[in-house]
Amino acid sequence: MALAALKPLHQPQLAPARPMVELRGVRMAFGEFVAVDDVNLTVADGEFLAIVGPTGCGKSTILNAIAGLLKPAMGTVSIDGAPVSGVGGDIGYLFQQDALLPWKTAIENVELGPMFKGVGRTERRADAMAWLAKVGLKGFEDRFPHQLSGGQRKRVQMAQALITGPKVILMDEPFSALDIHTRHLMQNELLRLWQEDRRAVVMITHDLEEAIALGDRVVVLASGPRSRVIDSFPVDLERPRDVAEIKLDARFLELYRNIWASLRGEVEKSYERRA
Ligand SMILES: Nc1ncnc2c1ncn2[C@@H]1O[C@H](COP(=O)(O)OP(=O)(O)O)[C@@H](O)[C@H]1O
Ligand SMILES: [Mg+2]
């Protein structure tokens, strides 16, 4: 085939990745209020998808639908081909707020996922030890959350989200409460861990720089109500990436300009509606 012949020979011909998360004609409503409508979205296995949109457009609502926390009023959500029905799927979460149990130590928090999955005490303790080491917290196993810094607590949360090897990782503004330097550090940590074992990621953020620096693709949502997907931009930046460095890359700036051109109007509309 002519097209195939144009591809450089050293590039392996990868099979198209299978769809891991699929939303078809999804409507999310709160009573009469339709937050999002007719959302169609496919996230491939191993793909890092970032979703951006103005505040209040329905980003968290969409994530909660994928998590099975909220039921669509219309349409379907599926993970790895199976319809989502309620919580308990093969999902890892990373949220903005501290989700750690304050009365449990770092290692006990990391052990929760495997424990709920029925992994035995010895094995889950060993797994959790290994994961804490992986996120740079060797020696901090027995600290309680209040004895850890914001960045360290975020590391514990990452270990917690990844230890069970979930099919899908959902993140809702995971780093927005951190100061800029800690945020860069955590973003790089996340990329490093994700690259070791690529899972499908859906990350919600209002920070376009974060979306481009981390994502394989950036999807733009319209301002609400009845928000929907209005654009999808592949991010063709090389990996591994350093999030602080990549923001100086000419291609990064070009992508930023293009995506901002799409997002800007929606952000302005959402301001007008609130004013
Ligand atoms: N439980 C709820 N009850 C009523 N309205 C809600 C509820 N949750 C969210 N909304 C509304 O739905 C819209 C989308 O909210 P959300 O998904 O949290 O936005 P985002 O995460 O993009 O900031 C907003 O207008 C919000 O006020
Ligand atoms: Mg939100």
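Derivation of every value follows stated rules applied to the coordinates shown; laboratory data play no part. Nothing here was measured: the structure is a model prediction, and the numbers come from that model. Neighbour counts run over all protein chains shown; Cβ positions are idealised from the backbone, glycine included.
Just a few scattered comments:
- Within the stretch 159-188, backbone nitrogen closer than 14 Å to the virtual label 7 Å beyond the Cα of residue 123 toward Cβ: 164-165
- Anchor residue 117: aspartates and glutamates whose Cα lies under 17 Å away (excluding residues fewer than 8 positions away in-chain): 90, 108, 127
- Summed side-chain charge close to residue 39 - residues other than residue 39 whose Cβ falls under 9 Å, Lys, Arg +1, Asp, Glu -1: +1
- Contact order normalised by residue count of the stretch 97-187, Cα under 8 Å, 6+ apart, percent: 35 percent
- For the chain, the longest principal axis of the alpha carbon atoms and the long axis of helix 106-116 meet at an angle near 70°.
- Taken about its Cα centre, the stretch 184-235 carries a charge dipole of roughly 300 debye when the Cβ of each Lys and Arg holds +1 and the Cβ of each Asp and Glu holds -1.
- For q = 0.14, 0.15 Å⁻¹, Debye-computed log10 I/I(0) when each Cα of the chain counts as one equal scatterer: -1.06, -1.19
- Shape category assigned to the stretch 82-210 from the gyration tensor of Cα positions, a/c cut at 1.5: oblate
- Local electrostatic count, residue 27, Cβ distance below 13 Å [Lys/Arg +1, Asp/Glu -1]: +1
- Positive-end ranking of 75, 100, 162 along the dipole of the stretch 39-172, with charges on Cβ about the Cα centre, is headed by 100.
- Acute angle (nearest 10 degrees) that the helix 150-162 long axis makes with the longest principal axis of the chain, alpha-carbon atoms: 80 degrees
- Relative to the longest principal axis of the Cα atoms of the chain, helix 250-274 runs at roughly 80 degrees.
- Remark: the stretch 115-272 carries a charge dipole of roughly 660 debye about the Cα centre, counting +1 on each Lys and Arg Cβ and -1 on each Asp and Glu Cβ.
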